[in-house]
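Colleague: The following block contains the structure, expressed as structure tokens.
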């Protein structure tokens, strides 16, 4: 077995064992106090700028819910975005992510305006997002992104093979994807690499096949540097039991589902502003709809600070400790217990 493939396989078992050990520590440990998780500053702030997608990835729930009456689609207006950014800055925030829970940010026709606004405040220090990169080629989006003021971009893709790309991403758009990605990397190099770019492979093939493919060698490898790199997804979560092993193909393996969830998940200390201004805890996963029992308010009705430090926010975390998990959390395998000492209290961020 190739050493790269062996390391990839070993990483899966390392993750699996770590998950088992985490369960054991949590089971044997004390149940935390809800009071210890009050008044915690937003860990990460995200914006659901658009929740439509142009791919039907086998590892994502989008293809299963896009036509559901429970799933609402929309594009965030610039007014909602500005209001949320301004209020986040007032709270002391400085980093934002423009990755939708499901969907691709490049489908937002106002994306560049949003990035430029956030960067222009002088207070937002980091702007980043994930994208499948399919639209990079269109209307020179790759150039506009590099010139926009964004700091980090992660490109999610299967690999550098047309057949497997179409199997995993569900659309016959490999040629435009690889062309757009190559153009992005080339233009970023021409501009002195102002943007950090990570290509996150979700391969159905062994990693060695990806790294030895002609397109990787000719279109990606020449641009690798300290600011441009790649990684491989080792295991895939289940989107709250909505995606299973049978959905995955090739070398893809499901992430082990934790059995013990006494400590609040770290992701419910993140917040995401949905396209209509609603604010939701957890920017990572939904089950059937984003407008669920994790929504804690709407910035068109209340201030972001009041929403995030509300009784409803505390209640969701308290219920988690009590074992009364949100519908989206019940079977979720993406659970990561929060480490209290790594969470920043509101007082430390200067909350009045």
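The values are calculated or read from the model by the stated rules, or taken from the named source; none is laboratory data. Given the structure is predicted, the values throughout are model-derived calculations rather than measurements. Using ideal geometry, Cβ is built from the backbone for each residue, glycine included, and neighbour counts are taken over all protein chains shown.
Colleague: Is there any pair linking a residue in the range 84-100 that is within 15 Å of residue 111 (Cα to Cα) to one that is at pLDDT 95 or above and surrounded by fewer than 17 Cβ atoms within 10 Å (Cβ to Cβ), with Cβ under 8 Å and at least six apart or on different chains, and which?
Modeller: Taking only residues 6 or more apart or on different chains, the pairs are 85/121; 96/126.
Colleague: Report, by residue number, each residue of the range 32-54 that is more than 16 Å from the chain's Cα centre (by Cα) and assigned to a loop (DSSP other than H, G, I, E, B). Quick ask: steps written out before the conclusion?
Modeller: So the first thing to find is which residues in the range 32-54 are more than 16 Å from the chain's Cα centre (by Cα), and the list is 32-41, 54.
The answer is 32, 33, 38, 39, 41, 54.
Colleague: Out of the range 58-89, which residues are modelled with pLDDT under 95 and surrounded by fewer than 15 Cβ atoms within 10 Å (Cβ to Cβ)?
Modeller: 67, 68, 69, 70, 72, 73
Colleague: Right, residue 152: more than 14 Å from residue 45 (Cβ to Cβ), in contact with a strand residue (DSSP E or B) (Cβ under 7 Å, 6 or more places away or on another chain) and surrounded by fewer than 17 Cβ atoms within 10 Å (Cβ to Cβ) or not?
Modeller: yes
Colleague: Here's something else I'd like to know. Give the number of residues within the range 25-72 that are over 22 Å from residue 316 (Cβ atoms) and without any contact (Cβ under 8 Å) to a residue 60 or more places away in the chain.
Modeller: The total comes to 7.
Colleague: Within the range 258-276, can one find any residue that is assigned to a loop (DSSP other than H, G, I, E, B), in contact with a strand residue (DSSP E or B) (Cβ under 7 Å, 6 or more places away or on another chain), closer than 28 Å to residue 14 by Cβ and at pLDDT below 95?
Modeller: Yes, the range 258-276 has at least one match.
Colleague: Of everything in the range 121-141, what is buried (at least 16 other Cβ atoms within 10 Å of the Cβ) and either under 19 Å from residue 101 (Cα atoms) or over 20 Å from the mean Cα position of the chain (by Cα) (or both)? Give them in sequence order.
Modeller: First, pick out the residues of the range 121-141 that are buried (at least 16 other Cβ atoms within 10 Å of the Cβ): 124, 127-137, 141.
Within the range 121-141, 127, 128, 129, 130, 131, 132, 133, 134, 135, 137, 141 meet the criteria.
Residue-wise test of (1) surrounded by 23 or more Cβ atoms within 10 Å (Cβ to Cβ); (2) out of contact with any helix residue (DSSP H, G or I) (no Cβ under 9 Å at 6 or more places or on another chain); (3) within 22 Å of residue 84 (Cα to Cα).
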position	(1), (2), (3)
273	yes, no, yes
283	yes, no, yes
286	yes, no, yes
301	no, no, yes
330	no, yes, no
342	no, no, no
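Colleague: State all residues of the range 290-318 that are more than 18 Å from residue 266 (Cβ to Cβ), touching a residue at least 60 places away in the same chain (Cβ under 8 Å) and assigned to a helix (DSSP H, G or I); if no residue qualifies, say none.
Modeller: 304, 305
Conditions (1) surrounded by 16 or more Cβ atoms within 10 Å (Cβ to Cβ); (2) without any contact (Cβ under 8 Å) to a residue 40 or more places away in the chain; (3) more than 17 Å from the chain's Cα centre (by Cα); (4) not in a loop (DSSP other than H, G, I, E, B), marked per residue:
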residue	(1), (2), (3), (4)
194	no, no, yes, no
199	yes, no, no, yes
210	yes, no, yes, yes
216	yes, no, yes, yes
221	no, yes, yes, yes
225	no, yes, yes, no
231	no, yes, no, yes
243	yes, no, no, no
249	no, no, yes, no
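Colleague: Next question. Considering only the range 103-120, how many residues are surrounded by fewer than 22 Cβ atoms within 10 Å (Cβ to Cβ), touching a helix residue (DSSP H, G or I) at 6+ places or on another chain (Cβ under 8 Å) and part of a loop (DSSP other than H, G, I, E, B)?
Modeller: 1
Colleague: Further question on the same structure: Name every residue in the range 134-184 that is more than 23 Å from residue 214 (Cα to Cα) and assigned to a helix (DSSP H, G or I), in order of residue number. Write out each step before concluding.
Modeller: If we filter the range 134-184 for residues that are more than 23 Å from residue 214 (Cα to Cα), which is where we start, we get 138-141, 143-153.
Answer for the range 134-184, where residues must be more than 23 Å from residue 214 (Cα to Cα) and assigned to a helix (DSSP H, G or I): 138, 139, 140, 141, 143, 144, 145, 146, 147, 148.
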